[in-house]
1. Cα gyration tensor of the stretch 55-100, axes a ≥ b ≥ c as square roots of the eigenvalues: rounded (a/c below 1.5), prolate (a/b > b/c) or oblate?
2. How much of the accessible area of the chain, probe 1.4 Å, is carbon plus sulfur, in whole percent?
3. Report, in whole Å, the centroid distance computed from the Cα atoms of the stretch 1-53 and the stretch 319-361.
4. Students often forget the sequence filter, so: which lysines lie under 25 Å Cα-Cα from Lys341 once same-chain residues fewer than 8 apart are removed?
5. Please give me, ordered by residue number, the trypsin sites (Lys or Arg not before Pro) of the stretch 69-98 that lie in loop per DSSP and have at most 13 other Cβ atoms within 10 Å.
6. Pairs Lys89/Lys161; Lys161/Lys182; Lys152/Lys401: which are spaced more than 21 Å apart, C-alpha to C-alpha?
7. On average, how much accessible surface per residue is there in the stretch 68-134, in Å², for a 1.4 Å probe, leaving out ligands, DNA and RNA?
8. Rounded to the nearest 500, what is the chain's calculated 222 nm mean residue ellipticity when only DSSP H runs of at least 4 contribute -39500 (n - 2.57) each, over all residues?
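The values are calculated or read from the model by the stated rules, or taken from the named source; none is laboratory data. In this text the structure is predicted, and so the values were computed from the model without any measurement. Note that we place each Cβ from the backbone using ideal geometry, even for glycine, and neighbour counts take in every protein chain shown. Remember, those area values only see protein heavy atoms, side chains included, never the ligands or the DNA or RNA. Shrake-Rupley method; radii C 1.70, N 1.55, O 1.52, S 1.80 Å.
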Amino acid sequence: MHAARFLVPRLEGDHIEDRFEDYLRLVRRGVAGFIVFGGEVQHLREAIARLQAEAPLPLIVASDLEQGLGQQVRGGTLFPPAMALARAKEGLLRAAFEQMAREAAYAGINTILAPVLDVNTNPRNPIIATRAFGSDPREVARLGRLMIESFKAVGIRSCGKHFPGHGSTGLDSHITLPSVQKSLSELESCDLIPFREAVRAGVDLVMPGHLGVPAIEPSGAPCTLSQRAVDYLRKSMGFSGLIVTDALNMGGLGGYGEGEAALLALRAGVDVLLHPRDPEALIHSLAEAAISPTQQDRVVRFRRDLPRAPSAERPSFDPALSERLAREAVRVEGSVPALRKPFLIILSDDDEDPARELVSGLSGSLSGYLALRGREGIDFNRLDPGKETVVAVFSPVRAWKGGPAPWVRTCLAALADRAGVFISFGSPSLLEQAGASGCRIHAYWPSPAAQQEVARLLLTRGD
């Protein structure tokens, strides 16, 4: 068996020239493609074209572009997360999905690892949260179908993830293996609905999650490695496309060596192994593995139909649509009080200076502000409580993060009844969990446009 034909290793866009010979060697070894992280759009486009020219079949060039090309590649447009996009009208949303696809195609990416089809039913989910379209399975199904159809219209392949559903978990599968303790009937009445709709819509790939789901795999082994999970997709759902693992370097597979996990996945019927730590070593370790010819044929057929060259049509890369979607997504619960001289408290467990646009937008009105970016202790009793206090939380969803930092939750709980306005630039449920009693504003992500819209609301809604 030519084991390389099942592998999709990582491609570092920021180092593509320095490592080009390494990537070229993998192409000549016969890898199925690459998953792209980083880089600049024009350099990436040119390098991918050179790699494609050396491949006997078109390469799968995939990337996690749930929020568009700008999520991974400089020069691309970054769109709001799925939970914010879910608030848009269908026409705008279709336009956004098609722009995502056109920008990806121009960069040479032919496969977008989206939509996220997880139904976010656990408010404390540390890794899905705003990446999901929501907590209503039929709405998630509708929006997932819309993304699949929009990508298909531009010639981009789509991937539904994370089968059979990561939305009810309380753990991040990048770190450890979550367990989904639902019966099969519970899964079928909720989590599996978007996947069934995606199959009907013609989704090209499905990604099983690193999830223990005893209702499907009684042993508790990850669905990534489960023949029962693959059989459910193939037989119960009628899926005939490619089944691809989630990244092999994730902690959800921590109980297995990479070679062992890869072999188990292939034997289970999975077609593509994503993001191995050491592709050369894995090719060697799988050299004697006996894999079904059906899987080999499926990968070959899939690749034959891929566009080989980056799209010749240069998109506009206009951020205006993303900015409009970000502004229109901002949601207010309750009434914004009249704020004459608000005091702003910033809680951030992410970037060093995430609130620049918010502070700038409020700068002429603030009586002062306090920015906390770590575990610094503060006695909030020293603050004068009341409607003039505004608390802004910057805690976006990140892989390997494990959810909002505990100190953020502690601070929020201490301030829950001591402020007039609470703002989340991340998961809306964070404010609900803290018991924030004032007006709540949900912005979903910390983009400049979202921050500017929040500042505008604070200065005008109380008038």
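1. It is prolate, given that a/c is not under 1.5 and a/b is the larger ratio.
2. Percent of accessible area from carbon and sulfur atoms in the chain: 47.
3. First find each Cα centre; the distance between them is then 39 Å.
4. By straight Cα distance, Lys341 reaches Lys387.
5. Those satisfying the criteria are Lys89.
6. Too far apart for the 21 Å limit: Lys89/Lys161; Lys152/Lys401.
7. 26 Å²
8. -10000 deg cm²/dmol
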